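> Take this structure, written in structure tokens, and hold onto it; I'll ask about it next.
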Amino acid sequence: VIVAGAAGLPCPCGRDGHLESIASGPAMTRAYRLAGGSADDLRAVAAAATGGDGAARGILEAGADAIGSALGSVANLLDPELIVIGGGVTGLGADWLDRVRSAAARTTIPLIGALRIETGLLGRAAVAIGAARLARPIPGRLDSTALFPAHAGPSNGSDTP
Ligand SMILES: [Zn+2]
């Protein structure tokens, strides 16, 4: 997803200007370092922001605004009732989530119904749990339908973990 604030910023996918370029943990950490801050990861950037570092705060706010803008654009296209977001950035807390929601509300068109944006229950562990789920052997079901049961057609529920 292209977002205005990411214009010209390199993305890990090889393009530039994508949401990942401005709103991911590594991107915000990199931006903080470029602004003169010292941080090894997003938690350190968040700690700096909490401690009153304006550069850190601005970077986190720009990331939240970008995610909210992207989600608002998605809502304009699909009109979902609920969007659940995950990943390490969701650990930034309630103020960050409120800012994401505000940016989404500024982006959605008036025709869009009430949009809820919530964080996933697994938080930072979501990626690891998902990878473990995919790696877990499933006897007799090693094809893609075992990995993605939603695409396997009608189910009797016996393959539910
Ligand atoms: Zn990209």
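> Taking the stretch 114-124 only, how many residues are surrounded by 11 or more Cβ atoms within 10 Å (Cβ to Cβ) and at pLDDT below 95?
Number satisfying all stated conditions: 6.
> Leu111 is checked against (1) part of a helix (DSSP H, G or I); (2) surrounded by fewer than 16 Cβ atoms within 10 Å (Cβ to Cβ) and fails just one. What number does that condition carry?
(1)
> Report those helices (runs of 4 or more DSSP H) wholly inside the stretch 1-99 carrying at least 2 residues which are within 15 Å of the ligand (Cβ to nearest atom).
20-23, 25-34, 54-78
> Within the group Thr107, Thr90, which residue is β-branched (Val, Ile, Thr), under 15 Å from Ala23 (Cβ atoms) and in contact with a strand residue (DSSP E or B) (Cβ under 8 Å, 6 or more places away or on another chain)? Talk me through it step by step, then tell me what you get.
On the way: Thr107 fails: in contact with a strand residue (DSSP E or B) (Cβ under 8 Å, 6 or more places away or on another chain).
Result of the check over Thr107, Thr90: Thr90.
The values are calculated or read from the model by the stated rules, or taken from the named source; none is laboratory data. Everything numeric here is computed off the predicted structure, so don't read it as measured data. Note that each Cβ is placed from the backbone with ideal geometry, even for glycine, and that neighbours are counted across all protein chains shown.
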